[in-house]
Every structure is written in C-alpha cells, then in structure tokens.
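Report on the following structure.
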Amino acid sequence: MKRFGIFLVGWAMLVVTEVAAQTALPWNREALFKTPQMFDAPEYATNGVKALFYEGVPFKGKTTRVFAYCALPKVSPGTKVPAMVLVHGGGGSAFHKWVELWVSRGYAAISMDTCGAVSGNGYNNHTRHAWSGPAGWGGFDKVDDPIQDQWTYHAVSAVLLGHSLLRSFPGVDGNRVGITGISWGGYLTCIAASVDDRFAFAVPVYGCGFLGDNSAWLGNFKSMGEERTKKWLELWDPSAYLGQARMPFLWVDGSNDFAYPMDSLKKSYHMLKTPYTLCVRLRMPHGHGGAGENPKEIEAFAAHFAKGGSDLPEITSVKREGRQVTVRFNPNQRVVAKGELNFTCAGGIWKERKWESLGVEVNACSGEIKAEIPATAKVYYVNLFTDDGLAISSEHEEL
C-alpha cells in the first residue's frame, strides 16, 4: 500500500523520532557527494565486470579504500543509462554476478564491499585487504568507539561514495539511480537512502529498522546493557533516519523472516513521508543469490522509475467489517489476475508462526477483492498477483 504522512507507533517510536530531529547526521554529505579517487584492480576483474578500489573515509586516522565491481551496458555513444547501487548483506561482499544481472537489464551497476574485504568472486572466501576500515556487521561491541570509526558510519559512507563514483561515469544518468540491499544491506539501504536524496528510488530487501524492539540481535542488546543499547539505537537504527527519506520505497520481505519480523517492518514503513509499496511473500527464504537479488518486483519497480515502465499495482484501501475485508486496488496498466488471503492463528515469535493461505477471486471491473477472515486468525494480510507473477501486499493487521 502506498501512502503519505508519518505515523508514530507507540512511545518508543516517538522517542526515536525526537532524538533524530535533535541530532545532526554523522555523515558529511558534501564530502561524500564528491567523486572519490578510483584505483583500478584488473587482477580481480571477471566476466567483463571491472574491479576497482575507491577512496573511503579514514579509519583510526588512516586512509581506507573500498573494493567494488562495476559495469555499464553497451549502448550507442552519447546514450545515458539508469543505474543501480547494490548493497550486500551479512557474510557477503561485492558480487559481480549481481552487477551482471542489472547490466543485462540495461542498467549501469556497482556492488561494493562494506566490511573492508576483497570479494571471493562468490558468496564466501572474502579476504580483508591492506586498506580496510572496520569489519562488519552491526558493530554492537564497538559502540563506545569514536563515531567515525564505527562500522555503520563506514558502511553507509562506502555506499554513498560508491553512488558518487557511479553517477560520475559519462554514460550514467544521475537522475535515474536506484539502490537495493539485502539483509544487512537492506538495513544500510534504509539509512543510505535517508541520508542521500540523490537516489530516485530505494528497495530494502528484508532489512528494516527497530532492531531494538524485535530482531535477531536482541541478544546483542541484552549483553550491551540498557545505556549502550540506547546509544547504538540512537546512532545507527534506521528508525532514526527513515523519516528523512525523499524517494519512493519498495519493501520486500517474507512472512517468517528470522532477522527482520513483520512488526518491525511495519513500524519502519510507517516512518516514511513518501509513497511506499509492499511485497511480503509467504515464507520467503532469506539470503543472497536468487532469494534476495532476483524478486521480479524489484526489476518492475526499478523499470517504472528509471525507464518509464508500468507501475506496480497500488492498494488504495483496506476496509474490514467484522471478519470480512474489502481491498480496493488500482492495477496501474497491469492485470491483477488473482489474490490470496494470508493469515496465521498463532501468536508469539514471528519467524515460528504458521501461515495459511486462501485463494480470493478478483473483481477486475470494480478493482476490488473481498475475503472472509477465519474466526481463529490473529493476523492477516492480502496479496495481489499480476498475470506475470508480481506480488503486491496490503499491510498486515493484528486482530
């Protein structure tokens, strides 16, 4: 569902928002928006994808470099193409195959490492290099270090500098650059897109804010203690920044994600003052590769904003009377072929809840679907599917 406005969910969210309003960004946008110095690394090039380093922000007073893969599609001289900034998640690095995927779609693309490593050309075996900044991920145990030496500061800086480098290439249209990231990369996408208003659109996959409320890292926060946890959340939780974002978002997640549950996701997209679209698939697997890189909705969302393609369908309203819910939608020049009512009768930990699904008929003439929510359901939401398999979700509601 796309909507405007800011929604405050509970006292904790209000506190985070007030803190963000009072605290200046730790990043120097003027410096990060300049093109960084680039160093070719042909020994790491692969499959026609250029390998390089670019200058990062200092770490403990020393110069750093960021490793990246980058490529542009072959087009006629003078032609400018849209572009994508690709941000890996935990255990990952720069991925040349991810760059190749977007180049095959007609985009320039850059995938940078955010943890001071050189990619192993796959999904493991990444080795740290001589110009490394802090290692990832999260940096919970380093929260008392100087801000400029902490991981999130460096990782977001690496993303913004990579964006600056990409848009400096003559064949790239700087007005049509999007960003997507997976897991920790989705977390970084939330912050980077909030700090860098040059992005045309943003797609966090799995990653969201409110890590201190309900996430895979509650154990880290418990061991940190209340004061240090508060400090980390005020500095580095996406909820402190999402209200500043100025571009449309597509949120891609799964109903049972172990790291970023649906309640935290909902609080996160309610922070936005810009339009957003949801794609929450039942039991979507969590990972790099096909799971996080290839959802069709990401390509369609990008094509709309970067190439003038058809927009994804828009859920315009959800109304529930008792156990009957009516969902109205705008197909946006697409064909909405079917719907599903997803529900769970379980409570407790989100990743452990059993979800069930009921097929729902679509009334294309009226642009609506109606569904009866089972009496024992505790949470429900609705998915619409286009004739080419794109999924659009309503917000979930707890009953």
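A short reminder: the numbers here are calculations on the coordinates, not readings from a lab. Computed from a predicted structure; not experimentally measured. Every residue, glycine as well, gets a Cβ built from its backbone with ideal geometry; the counts of neighbours run over all protein chains shown.
The table that follows gives values for the structure above.
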item	result
Magnitude of the charge dipole, segment 118-210, Cβ model with Lys/Arg +1 and Asp/Glu -1, debye to 20	300
Long-range amide H partners of Ser119 with built H, under 5 Å	Ala94
Other-chain or far-sequence residues with amide H under 5 Å of Val87's (modelled H)	Thr180, Gly181, Ile182
Note, ³J(HN,Hα) from phi for segment 73-79, Karplus 6.51, -1.76, 1.60, rounded to Hz, x at Gly and Pro	x, 7, 9, 5, x, x, 7
Per-residue ³J(HN,Hα) for segment 375-383, Karplus 6.51 cos²θ - 1.76 cosθ + 1.60, θ = phi - 60°, Hz, x for Gly and Pro	4, 8, 5, 9, 9, 8, 7, 10, 10
Nearest-ten-degree value, helix 184-195 long axis tilted from longest Cα axis of the chain	80
Loop GluC sites (Glu not before Pro), segment 333-381 (other Cβ atoms within 10 Å of the site Cβ: 14 or fewer; DSSP)	Glu361
Cβ-placed point charges (K, R +1; D, E -1), dipole of the chain about Cα centre in debye, nearest 20	440
Cα-based shape type of segment 254-310, given that a ≥ b ≥ c are square roots of the gyration tensor eigenvalues and the cut on a/c is 1.5	oblate
Debye log10 I(q)/I(0) for the chain, one point scatterer per Cα, at q = 0.08, 0.09 Å⁻¹	-0.41, -0.52
Within a Gaussian network of the chain (alpha carbon springs, distance under 10 Å), most fluctuating of Gly181, Gly61, Gly133	Gly61
Under the Karplus curve 6.51 cos²θ - 1.76 cosθ + 1.60, θ = phi - 60°, whole-Hz ³J(HN,Hα) for segment 32-37, x wherever Gly or Pro sits	6, 7, 8, 5, x, 5
Cα centre as origin, Lys/Arg/Asp/Glu Cβ charges: segment 314-398 dipole, Debye	180
Cross-link reach list, lysines versus Lys370, counting only Cα pairs under 24 Å and skipping chain neighbours closer than eight places	Lys2, Lys266, Lys319, Lys338, Lys354, Lys378
Selection from Ala391, Gly254, Ala306 lying farthest towards where the dipole of the chain points positive, charges on Cβ	Ala306
For the chain, built as a Gaussian network whose Cα springs stay under 10 Å, the top-fluctuating residue of Leu282, Leu384, Leu160	Leu282
For the chain, built as a Gaussian network whose Cα springs stay under 10 Å, the top-fluctuating residue of Tyr69, Tyr381, Tyr187	Tyr381
Fraction of beta bridges assigned by DSSP in the chain that are antiparallel (%, nearest 5)	70
Nearest-0.05 FRET efficiency for Ala375 and Leu25, computed from C-beta distance (R0 35 Å)	0.10
Summed residue charge, Cβ within 10 Å of Trp131's Cβ, Lys/Arg positive, Asp/Glu negative	+2
Inter-label distance for Ala346 and Asp387, nm, one decimal - labels placed 7 Å from Cα along Cα-to-Cβ	3.7
Kirkwood hydrodynamic radius of segment 82-232, from inverse mean 1/r over distinct Cα pairs, in Å	16.0
Residues with amide H under 5 Å from that of Val379, placed H, sequence gap 5 or more	Thr344, Leu399
Among Ile179, Ser366, Ser168 the positive-end extreme of the charge dipole of the chain (Cβ point charges)	Ser168
Computed FRET value (nearest 0.05) for Lys222 with Ala135, which takes r as the C-beta separation and R₀ as 25 Å	0.65
Additional length obtainable on full extension of the chain from Met38 to Leu399, 0.36 nm per residue less Cα span	124.6 nm
Computed FRET value (nearest 0.05) for Arg323 with Ser357, which takes r as the C-beta separation and R₀ as 22 Å	0.85
Three-way shape label, segment 314-398, alpha-carbon gyration tensor, a/c 1.5	prolate
